[in-house]
Amino acid sequence: MGKLLKFVLWLVGALVLLVVIAAVVLPMVIDPNDYKDEIAAAVEEQTGRTLSIEGDIGLSVFPWLGLDIGPTQLSNATGFAEASMARMQAVQVRVKLLPLLRKQLEVDKVLLAGLQLNLAKDKQGRSNWDDLSAAPKDEPAAAAEEKPAAKPADKDAGSLIDTLTIGGVEVSDAQINWYDATTDSRYVVNELSLTTGTIVPGEAFELDMRMLMSASQPPVDTRVALRGEILLAADFGALSISGARLQIDASGDSLPGGELHATLSTDISLGIEEQTLLLPNLKLETLGMAITGSVTGNAISSEAPRFNGSFAIEPFSPRDLLQALGESAPETADANVLTRADANLALDATLLSFSVTTLTAHVDESSIGGTLKVNNFVAPAISFGLDLDQID
């Protein structure tokens with residue numbers, strides 16, 4: 001037994017020594033920059049695009065197996081103005097080496113800096129990523145369609161990874177440009193940043209995202225901030241966000257009064273396998289109004305999703321709302337009217353229709369009830385029925 005124990009200890013020590021030697025020697029004898037041309041050639045062969053790795057590629061082995069890549073860009077599709085479709089200044093991805101031997105995947109914080117993504121659609125409706133989503137060049141489209149579906153994984157075969165830990169994600173100074181030539185409209189996302197806490201399936205982590213959005217038709221600048229606590233189920237079958245808070249501050253001549261401020265808070269539950277969505281405890285605050293409610297969605301990933309919701313508009317002043325919208329209140333004999341209103345409603349919606357199934361509202365001393373339905377958003381058919389008990 002003593003000899004066996006000594007042999008095991010010797011073997012473990014030898015393995016550790018080999019790992020340490022590899023960590024020191026590999027970066028000295030292998031320079032990943034020597035393979036830039038081969039990487040670019042492989043990308044061009046598969047996509048027809050040119051990949052330019054302008055910066056150095058850094059390689060680390062122990063204790064982190066990782067890559068650091070400098071300025072890199074991917075050329076655009078033929079016929080589009082921008083020279084590149086995607087460009088980044090730096091990316092860092094590292095995986096801890098020894099835990100892999102225990103089927104544990106430990107990823108360091110993933111860093112992405114200076115991403116610039118140029119998305120576009122030409123006048124014929126062709127996007128600059130259509131060619132990337134097509135079948136590979138060495139596989140005809142017909143062959144791709146005839147390829148048999150992959151067999152489902154054997155649940156008894158075990159998983160390659162028992163646990164997953166990601167030290168977080170940090171995206172800084174990102175920009176997304178979208179141009180649609182069919183409508184001559186342009187949208188830009190600037191100053192995009194995203195940070196998360198440590199990501200472990202089954203455990204909650206913080207999310208903080210901020211961006212500045214600009215639109216050309218109509219000209220509007222919008223600053224957006226989103227925060228919340230995300231929980232990804234251990235089996236990856238569900239995702240929830242607790243205390244989600246979306247802050248929007250927009251400005252532009254087309255907005256009432258030249259600006260709009262809104263805050264939306266809610267919890268979010270997404271059933272990935274069940275294709276369900278639940279937004280309880282919704283609260284929207286804007287233009288001096290507070291709207292609360294909840295929304296449920298089913299078959300959300302299908303071609304025919306359906307959403308149901310109920311909302312309550314808390315008491316507000318119609319006069320103040322009109323003023324916030326840059327409009328004048330109608331002249332009335334009594335200056336005290338149009339000072340209080342509230343409403344409750346239930347709705348049902350699809351991608352093609354929208355209906356308010358029940359509506360109960362009050363304006364001063366008047367009560368209103370009824371329904372509203374809109375069929376076919378492309379060529380709307382609108383029907384409604386309203387009951388008003390009294391009006392002065």
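The values are calculated or read from the model by the stated rules, or taken from the named source; none is laboratory data. If you're wondering where the values come from, they're calculated on a predicted model, not measured in any experiment. Here the Cβ positions follow ideal geometry from the backbone for every residue, glycine too, while neighbour counts run over all protein chains shown. Please note that ligands, DNA and RNA were not included when accessible areas were found on the heavy atoms of the full protein model with its side chains. Shrake-Rupley method; radii C 1.70, N 1.55, O 1.52, S 1.80 Å.
A compact table of results
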{"read-out": "Pairs where the first residue, in the range 80-105, is exposed (fewer than 14 other Cβ atoms within 10 Å of the Cβ) and the second is part of a loop (DSSP other than H, G, I, E, B) and aliphatic (A, V, I, L, M), C-beta under 9 Å, 6+ apart", "value": "103/160; 103/161"}
{"read-out": "Qualifying positions in the range 49-68 - at pLDDT 85 or above, hydrophobic (A, V, I, L, M, F, W, C) and more than 15 Å from residue 92 (Cβ to Cβ)", "value": "51"}
{"read-out": "Selected residue (criterion: surrounded by the most Cβ atoms within 10 Å (Cβ to Cβ)) from residues of the range 252-268 that are of a type outside the set (D, E, K, R) and within 19 Å of the chain's Cα centre (by Cα)", "value": "266"}
{"read-out": "Residue check, residue 271 more than 30 Å from residue 163 (Cβ to Cβ) and open to solvent by less than 30 Å² (accessible area, probe 1.4 Å)", "value": "no"}
{"read-out": "Residue count, the range 52-82 (criterion: of a type in the set (A, V, I, L, M) and under 15 Å from residue 115 (Cα atoms))", "value": "3"}
{"read-out": "Subset of the range 367-392 (residues that are out of contact with any strand residue (DSSP E or B) (no Cβ under 6 Å at 6 or more places or on another chain) and either open to solvent by 70 Å² or more (accessible area, probe 1.4 Å) or touching a residue at least 12 places away in the same chain (Cβ under 8 Å) (or both))", "value": "367, 376, 377, 378, 392"}
{"read-out": "Matching residues in the range 281-306 - criterion: being within 20 Å of the chain's Cα centre (by Cα) and open to solvent by 30 Å² or more (accessible area, probe 1.4 Å)", "value": "296, 298, 299, 300, 301, 302, 303"}
{"read-out": "Selection from the range 234-251 of residues that are outside any strand (DSSP E or B), on the phi < 0 side of the Ramachandran plot and either in contact with a strand residue (DSSP E or B) (Cβ under 7 Å, 6 or more places away or on another chain) or open to solvent by 60 Å² or more (accessible area, probe 1.4 Å) (or both)", "value": "234, 235"}
{"read-out": "Test: residue 321 is at pLDDT below 95, open to solvent by less than 40 Å² (accessible area, probe 1.4 Å) and either acidic (Asp, Glu) or not in a strand (DSSP E or B) (or both)", "value": "yes"}
